[in-house]
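Peer 1: First the structure, which I've put down as structure tokens, then a few questions once you've had a look.
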Amino acid sequence: MFCSKCGKKTDDSGKYCQWCGAELKVAPPAPKPKLLLKKKSNGICTENYASFGQRFLAWIIDLVFILVLDIFIMGFTGLNEGVRMVYQFLRGYPMTDRYGEVVYATVPTAVIYAITVLLILVPWLYYAILESSKNQATLGKMAVRIAVTDLHGNRITFSRATLRFFAKVLSIITFFIGFIIIAFTRQKQGLHDIIAGCLMYQQY
């Protein structure tokens, strides 16, 4: 140790400099580096990816909520007529309007409205709004404690959530391989996750 007053090297076991008698000031030990946990303030841990099982269970729960929303919307918008026509078509019956008259159009307008709103618009807004919200998760994902992030663990935007939702079409038309690869990719990503640049992590 060197004395801060005279600059000479002195015995560091003593309290005073052996040359000038000045009090030796021992520097405090350097603080230990803090362990940086990869954990976000909202409880998302970017060390544990969401498993295929968790994501499948979340999808089942979300499907139930979307069906409830669809039923609620049908009751207030009259889209049930289009749903009824689809049901008649699937059963092999002629499609009829609300007055019981046969509809000869290949794809009736009521059917187009019903499919657009109930199968596209409602699911899109449900996923895009909730996944880009503060919770970063749909109701199903919140139930199983997982969340959607970008590649840096941050909250995604509405546009990115929209891209992720519509990219699921590619995961479907590849005979669902886009979903199956979630179980085998290193970061547990589906094809739609890769396209949108998203990851899914567990929450605590």
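Peer 1: Against the conditions (1) aliphatic (A, V, I, L, M); (2) closer than 22 Å to F56 by Cα; (3) touching a residue at least 12 places away in the same chain (Cβ under 8 Å); (4) touching a helix residue (DSSP H, G or I) at 6+ places or on another chain (Cβ under 8 Å), where does L151 fall short? Just the number, please.
Peer 2: Just one mismatch for L151, condition (4).
Peer 1: List, please: which pairs have Cβ atoms under 6 Å, are six or more places apart or on different chains, and start with a residue in the stretch 179-192 that is under 19 Å from F166 (Cβ atoms) and end with one that is polar (S, T, N, Q) and part of a helix (DSSP H, G or I)?
Peer 2: Matching pairs, first to second residue: F179/S171; G190/S171; L191/S171; H192/S171.
Peer 1: In the stretch 121-137, which residue that is touching a residue at least 40 places away in the same chain (Cβ under 8 Å) and either on the phi > 0 side of the Ramachandran plot or open to solvent by 30 Å² or more (accessible area, probe 1.4 Å) (or both) is nearest to the chain's Cα centre (by Cα)?
Peer 2: Within the stretch 121-137, the first condition is being touching a residue at least 40 places away in the same chain (Cβ under 8 Å), and the residues that meet it are 122-124, 126-127, 134-137.
Those still in the list that are either on the phi > 0 side of the Ramachandran plot or open to solvent by 30 Å² or more (accessible area, probe 1.4 Å) (or both) too: 124, 134-136.
Working: W124: 14, K134: 11, N135: 9, Q136: 5 Å.
Per the stated criteria, the residue is Q136.
Peer 1: Pairs please, first residue from the stretch 65-89 and touching a residue at least 60 places away in the same chain (Cβ under 8 Å), second anywhere and open to solvent by 40 Å² or more (accessible area, probe 1.4 Å), Cβ atoms under 7 Å, 6+ apart in sequence or on different chains.
Peer 2: F65/L139
Peer 1: Another question about this same structure. Can you pull out the residues in the stretch 96-118 that are assigned to a helix (DSSP H, G or I) and among the aromatic types (F, W, Y)?
Peer 2: Step one: of the stretch 96-118, the residues assigned to a helix (DSSP H, G or I) are 109-118.
Passing the criteria: only Y113.
Peer 1: Continuing with the same structure: Give the residues of the stretch 138-161 that are open to solvent by 40 Å² or more (accessible area, probe 1.4 Å), assigned to a helix (DSSP H, G or I) and of a type in the set (A, V, I, L, M, F, W, C), sorted by residue number.
Peer 2: Our first condition is that a residue be open to solvent by 40 Å² or more (accessible area, probe 1.4 Å); within the stretch 138-161, this holds for 139, 142-143, 145, 151-152, 154-155, 157-160.
Imposing the further condition that a residue be assigned to a helix (DSSP H, G or I) reduces the set to 139, 142-143, 158-160.
Answer for the stretch 138-161, where residues must be open to solvent by 40 Å² or more (accessible area, probe 1.4 Å), assigned to a helix (DSSP H, G or I) and of a type in the set (A, V, I, L, M, F, W, C): L139, M142, A143, F158.
Peer 1: Suppose we filter R164, R84 for residues that are among the charged types (D, E, K, R), in a helix (DSSP H, G or I) and farther than 15 Å from R55 by Cβ; which single one remains?
Peer 2: On the way: R164 fails: farther than 15 Å from R55 by Cβ.
Answer to the selection: R84.
Residues checked against (1) open to solvent by 50 Å² or more (accessible area, probe 1.4 Å); (2) at pLDDT 70 or above; (3) touching a Gly at 6+ places or on another chain (Cβ under 6 Å):
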position: G7; (1), (2), (3): no, no, no
position: P28; (1), (2), (3): yes, no, no
position: Q54; (1), (2), (3): no, yes, no
position: M74; (1), (2), (3): no, yes, no
position: T77; (1), (2), (3): yes, yes, no
position: E81; (1), (2), (3): no, yes, no
position: M95; (1), (2), (3): no, yes, no
position: Y99; (1), (2), (3): yes, yes, no
position: P108; (1), (2), (3): no, yes, no
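Peer 1: Say we look at the stretch 167-193 and pick out the residues that are in a loop (DSSP other than H, G, I, E, B) and of a type outside the set (S, T, Y); which of these is surrounded by the most Cβ atoms within 10 Å (Cβ to Cβ)?
Peer 2: Let us first name the residues in the stretch 167-193 that are in a loop (DSSP other than H, G, I, E, B), namely 174-176, 184-190.
Next, only the ones that are of a type outside the set (S, T, Y) stay: 175-176, 184, 186-190.
Working: F175: 9, F176: 12, F184: 9, R186: 6, Q187: 13, K188: 20, Q189: 21, G190: 26.
Among those that are in a loop (DSSP other than H, G, I, E, B) and of a type outside the set (S, T, Y), it is G190.
Peer 1: Of the residues in the stretch 138-152, how many are under 16 Å from G197 (Cβ atoms) and over 10 Å from the mean Cα position of the chain (by Cα)? Spell out how you get there, then give the answer.
Peer 2: We begin by selecting, within the stretch 138-152, every residue under 16 Å from G197 (Cβ atoms); these are 147-152.
Subset that is over 10 Å from the mean Cα position of the chain (by Cα): 151-152.
Total meeting the criteria: 2.
The values are calculated or read from the model by the stated rules, or taken from the named source; none is laboratory data. What you see is a predicted model, and the numbers here were worked out from it, not measured in a lab. Every residue, glycine as well, gets a Cβ built from its backbone with ideal geometry; the counts of neighbours run over all protein chains shown. For the accessible areas, the whole protein counts, side chains as well, though only heavy atoms, and no ligand, DNA or RNA atoms are used. Shrake-Rupley method; radii C 1.70, N 1.55, O 1.52, S 1.80 Å.
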